[in-house]
Amino acid sequence: NQQSTFSMAEEFAQALTKKVEQGTQNDEDEKTGEAIKCFEEVIKEQVPKGEDLSEAMIKAKEQATYKLATIYKNKGLVDELIDLQKDILPLFIDFPKSKTAKIMRTLFDLTLQVEGRYQQLIDLSMHIIQWCDKESRSFLR
């Protein structure tokens with residue numbers, strides 16, 4: 001039974017990784033809509049009930065997040081980039097705290113490269129700080 005649990009978790013991680021690769025290929029082929037859909041699916045996919053997050057699952061979700069954020073930035077979809085940061089906080093609650101902090105910092109730095117959205121950046125900062133306080137995430141705050 002331990003073997004079947006391991007293989008189910010592994011299959012899930014492989015499926016996520018495959019979806020990230022598919023999204024990357026779509027992005028390279030300039031099929032942006034399809035790439036966005038793939039990356040969003042990876043980010044939002046729930047870990048099977050009773051399964052622990054594996055390093056491979058976290059890596060796939062992290063890669064999908066960075067790739068999606070980069071598409072949003074490159075296409076000038078600033079509102080989507082900001083919303084992504086708000087949306088992933090509760091989805092990544094089970095990630096190691098330092099990993100969540102690294103992802104959020106990377107996305108925030110990407111958002112800082114966009115000119116003229118200062119009020120939205122302030123609002124985003126306040127949202128992240130409030131989330132950190134609520135979830136006792138001092139490392140990210």
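The values are calculated or read from the model by the stated rules, or taken from the named source; none is laboratory data. Quick caveat: nothing in here was measured; it's all calculated off a predicted structure. All Cβ positions, even for glycine, are placed from backbone atoms using ideal geometry, and neighbour counts span all protein chains on display. Areas reflect the complete protein model, heavy atoms only, side chains present, ligands, DNA and RNA absent. Shrake-Rupley method; radii C 1.70, N 1.55, O 1.52, S 1.80 Å.
The order of the peptides 70-81, 13-24 by mean Cβ neighbours within 10 Å, most packed first, is 13-24, 70-81.
Only protein heavy atoms count here; on that basis, with a 1.4 Å probe, Met8 has an accessible area of about 90 Å². Think of it as helices only: each DSSP H run of n ≥ 4 in the chain is worth -39500 (n - 2.57), and spread over all residues that comes to -26000 deg cm²/dmol at 222 nm. The value of relative contact order for the chain, using C-alpha pairs under 8 Å at least six residues apart, is 20 percent. The mean of 1/r over all distinct Cα pairs in the chain, once inverted, gives the Kirkwood hydrodynamic radius of 15.8 Å.
Model label points for Ala15 and Met126, set 7 angstrom from Cα along the Cα-to-Cβ axis, are 4.0 nm apart.
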